[in-house]
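*Asks:* Just passing along the structure, written as structure tokens.
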Amino acid sequence: MKSIRFWLIVMLTSAILVSMLGAIFISYHKVSHETEELYDAELAQLSRVLESLLSIQLDYTQNTNLASLDEKDRVINPPDVHARGEFDLYGHKYEKKLSFQVWTSQGVFLLGSGHGLDMTKLVRKPGYQIEHDTAGVQWRSFTRYSESLKVWIKTAQQMEIREELTHEIASLNVQSLLLMLLVMIVLMVVIIQMGFRSLLRVGEEIESRNPNHLAPLDEREVPSEIMPVVHALNQLLGEIGHSIERQQRFTSNAAHELRTPLAAIKVHAQNLYPQDERTQSIQQKIVQGVDKLTHLFNQLITLSKMETELQEEGGRESSKKLLLHGLVDLQLFPLSEQIKVKNLQVDNAVATDLVCLGPENSMSILLRNLIDNAVRYSDENGMIRITATDSADGMSISVMDTGPGLDEQQKQRVFERFYRAAHQQVTGCGLGLSIVKEIVERQQYRILLHDSPLAEHGLWVELFIPKEINVK
């Protein structure tokens, strides 16, 4: 599933990165252009400064002929700079990257620096030009003719200086923009996380619920963008809750309404005085059918009450300390008549002081159904044993009987609602173990089915309550 947060972060980061690359490209060309203009202006200004200095020097010396200068005074050589940086007390290392020349109108070299462009010839072309020296180094030059001094003045500068400055400025811009990009990405991630906090809260609230918690979601602090979704979800939860409530009410009411006529039918059937075996057989079948329907309705009422109570409590039933031995005795008491009729040997081997932490109502229903199944399916003169052990991992409760037992395929399906194993003569409705399974899943217990160790056949139901649940 795609993440909106990840998509926003990637797309916004890409957009910012593309924008910054465009800004770097434009900035580089702008800096390059402005640097060219600045250095070109300096070359023109330098030529005028040089013209003024020559004019002052000639006025001071009363010498109007530059050609009369000594040969050694015509060439100016900058000193060698050996500083660790770019300059020292004697000058700057970039001096050798600057050059100037002065020529007569006839093309005679008068004055210049001892490096740089070729001093053997004059190019009588005013303005800016790109030239190369004998070493192939590229220079930017500015040439102008002085009317007052009747000389050509050329100033020049290596292109390397301009490129170096442009690259340094561009490098600083790139570093600043990259740092800004990192800061913007961090801020963007934080802001997006904060923006999605309310959405995550809604998701966590939905995820923390169980199927029985159908109360509306809290619409406070919900962003307006997802408010229609939350509102529609609350309407859906409300409709589902009303539907389940109507279904539970119908089941409960129907079961209650049918119990009275079933009881009346049973009483009338028992009051019959059969005159022959056929009538007696019919009477027994009527009573057995009524008992089966009554048991079914009782299970439906139990299931309906359990679901209603869990829904009213928000899907969580409160836990309390339970004396397991006494709880088992309470479930055995209503079955004492059936136990006596079938002459069953029932052993409640649970320690009298063993305490189990759990929901009392759910534990009672769970044990009642397990013990009822054991009594119902055990053969006459059979045995039922209920044990419980507490360990470091949790508590294990076992109900063992000497009934017909289940094969592996039946063990896989016996928890399905209304499932009845084949070839069983005992009356039942197929809801007991499905109710047990539902309680086990809601309380996060585990249930296992084994072959009973009490006889060659029989069922051993093991209920395991993990330690982390039993100590909550």
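*Asks:* What number goes with the only condition from (1) over 26 Å from R420 (Cβ atoms); (2) outside any loop (DSSP other than H, G, I, E, B); (3) open to solvent by 30 Å² or more (accessible area, probe 1.4 Å) that D353 does not pass?
*Replies:* (2)
*Asks:* Also, I was wondering about something else. Out of R162, R220, R209, report the one residue that is open to solvent by 50 Å² or more (accessible area, probe 1.4 Å), modelled with pLDDT under 85 and of a type in the set (K, R). Spell out how you get there, then give the answer.
*Replies:* On the way: R162 fails: open to solvent by 50 Å² or more (accessible area, probe 1.4 Å); R209 fails: open to solvent by 50 Å² or more (accessible area, probe 1.4 Å).
So the residue among R162, R220, R209 that is open to solvent by 50 Å² or more (accessible area, probe 1.4 Å), modelled with pLDDT under 85 and of a type in the set (K, R) is R220.
*Asks:* Okay, next question. I need the full set of residues from the stretch 368-423 which are within 18 Å of V440 (Cβ to Cβ), in a loop (DSSP other than H, G, I, E, B) and touching a residue at least 40 places away in the same chain (Cβ under 8 Å), in order please.
*Replies:* The answer is D393, L406.
*Asks:* What do you reckon, is I185 touching a residue at least 40 places away in the same chain (Cβ under 8 Å), open to solvent by less than 50 Å² (accessible area, probe 1.4 Å) and not charged (D, E, K, R)? It would help to see each step written out before you state the result.
*Replies:* Details: touching a residue at least 40 places away in the same chain (Cβ under 8 Å): yes; open to solvent by less than 50 Å² (accessible area, probe 1.4 Å): yes; not charged (D, E, K, R): yes.
Spelling it out, I185 is indeed touching a residue at least 40 places away in the same chain (Cβ under 8 Å), open to solvent by less than 50 Å² (accessible area, probe 1.4 Å) and not charged (D, E, K, R).
A quick yes/no check of all residues on (1) aliphatic (A, V, I, L, M); (2) more than 18 Å from S3 (Cα to Cα):
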{"site": "S171", "(1), (2)": "no, yes"}
{"site": "Q193", "(1), (2)": "no, no"}
{"site": "P228", "(1), (2)": "no, yes"}
{"site": "L233", "(1), (2)": "yes, yes"}
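*Asks:* If I filter the stretch 425-437 for residues that are part of a loop (DSSP other than H, G, I, E, B), of a type in the set (A, V, I, L, M) and at pLDDT 85 or above, do I get at least one hit?
*Replies:* First, the residues of the stretch 425-437 that are part of a loop (DSSP other than H, G, I, E, B): 425-431.
Of the ones still in play, those that are also of a type in the set (A, V, I, L, M) are 426, 431.
From what is left, the residues that are at pLDDT 85 or above are none.
Checking the stretch 425-437: not a single residue is part of a loop (DSSP other than H, G, I, E, B), of a type in the set (A, V, I, L, M) and at pLDDT 85 or above.
*Asks:* What is the residue count in the stretch 318-330 for residues that are open to solvent by less than 30 Å² (accessible area, probe 1.4 Å) and either in contact (Cβ under 8 Å) with a residue 60 or more places away in the chain or on the phi > 0 side of the Ramachandran plot (or both)? Steps first, please.
*Replies:* Within the stretch 318-330, the subset open to solvent by less than 30 Å² (accessible area, probe 1.4 Å) is 322, 324, 327-328.
Cutting the leftovers down to either in contact (Cβ under 8 Å) with a residue 60 or more places away in the chain or on the phi > 0 side of the Ramachandran plot (or both) gives us 324.
Of the residues in the stretch 318-330, 1 are open to solvent by less than 30 Å² (accessible area, probe 1.4 Å) and either in contact (Cβ under 8 Å) with a residue 60 or more places away in the chain or on the phi > 0 side of the Ramachandran plot (or both).
*Asks:* Can you find a residue that is in a strand (DSSP E or B) and either among the polar types (S, T, N, Q) or open to solvent by less than 50 Å² (accessible area, probe 1.4 Å) (or both) anywhere in the stretch 331-345? First the steps, then the outcome.
*Replies:* So the first thing to find is which residues in the stretch 331-345 are in a strand (DSSP E or B), and the list is 345.
Checking the rest, the ones that are also either among the polar types (S, T, N, Q) or open to solvent by less than 50 Å² (accessible area, probe 1.4 Å) (or both) come to 345.
Yes, the stretch 331-345 has at least one match.
*Asks:* Here is a further query. Within the stretch 166-175, does at least one residue satisfy the condition of being open to solvent by 80 Å² or more (accessible area, probe 1.4 Å) and of a type in the set (S, T, Y)? Spell out the reasoning first.
*Replies:* Start the filter on the stretch 166-175 by keeping residues that are open to solvent by 80 Å² or more (accessible area, probe 1.4 Å), which leaves 167-168, 172, 175.
Narrowing the set further to residues that are of a type in the set (S, T, Y) leaves none.
Looking for residues that are open to solvent by 80 Å² or more (accessible area, probe 1.4 Å) and of a type in the set (S, T, Y), one finds none in the stretch 166-175, hence no.
*Asks:* In the stretch 274-321, which residues are among the small types (G, A, S) and either at pLDDT 75 or above or not in a helix (DSSP H, G or I) (or both)? Even if it seems obvious, please write down each step before you answer.
*Replies:* First pass over the stretch 274-321, keeping only residues among the small types (G, A, S): 281, 289, 304, 314-315, 318-319.
Within the stretch 274-321, S281, G314, G315, S318, S319 qualify.
The values are calculated or read from the model by the stated rules, or taken from the named source; none is laboratory data. Bear in mind that the values here come from a model prediction, so they are computed numbers and not experimental data. No Cβ is skipped: glycine too gets one built from the backbone with ideal geometry, and neighbour counts run over all protein chains shown. Calculation scope for accessible area: heavy atoms of the full protein, side chains included, ligands and nucleic acids excluded. Shrake-Rupley method; radii C 1.70, N 1.55, O 1.52, S 1.80 Å.
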